[in-house]
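Novice: For reference, the structure I am asking about is given below.
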Amino acid sequence: MATELWTNLPVKNLEKSKAFFHAIGFAVQSIGDGVQVAVKNSKVMLFPEARFETFAHHQVADARNGTEVLFSIGAETREEVNELVDKVEKAGGTIFAKPGLTDGWLYGMGFIDLDGHRWNALHMDMEKMP
């Protein structure tokens with residue numbers, strides 16, 4: 001059975017996307033004609049749109065006009081969530097949800113990367129989870 005799961009994302013400008021994810025704290029590594037961005041045991045592969053279409057065998061959707069997926073990043077603390085807001089803004093991303101508490105146990109924020117993909121960062125206080 002499968003031993004790993006990768007997520008592949010099309011990007012308009014590989015170098016700008018590489019710089020963005022490095023600036024917000026991901027480990028970044030060039031892999032062939034793409035870039036791997038990783039945090040702990042999770043990886044996202046970035047490919048220029050034209051290359052992405054060759055192995056997706058499908059046209060790239062416009063992420064600025066619809067949301068197909070929401071990527072979630074786990075945070076150890078609320079402070080990490082708050083720090084990510086500043087990093088994203090300085091790197092050129094857009095905050096779509098300011099940090100806040102939901103249901104008394106889930107603290108998070110949401111941002112949009114340079115290509116319109118939506119991400120959120122979440123700190124879950126499992127002791128307060130209903």
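The values are calculated or read from the model by the stated rules, or taken from the named source; none is laboratory data. Source: prediction; values computed, not measured. Positions of Cβ are backbone-derived with ideal geometry, glycine not excepted, and every protein chain shown enters the neighbour counts. Surface areas here come from the heavy atoms of the whole protein model, side chains and all, with no ligands, DNA or RNA. Shrake-Rupley method; radii C 1.70, N 1.55, O 1.52, S 1.80 Å.
Novice: Got at least one residue in the range 50-62 being crowded, with 17+ Cβ neighbours inside 10 Å, touching a helix residue (DSSP H, G or I) at 6+ places or on another chain (Cβ under 8 Å) and not aliphatic (A, V, I, L, M)?
Specialist: No, that holds for no residue.
Novice: Moving on to the next point. Select, from 116, 32, 74, 92, the only residue that is touching a Leu at 6+ places or on another chain (Cβ under 8 Å) and closer than 27 Å to residue 4 by Cβ.
Specialist: Answer to the check: 74.
Novice: Scan (1) open to solvent by less than 90 Å² (accessible area, probe 1.4 Å); (2) within 15 Å of the chain's Cα centre (by Cα); (3) modelled with pLDDT under 95; (4) closer than 24 Å to residue 10 by Cβ for the single condition residue 92 breaks and write down its number.
Specialist: (3)
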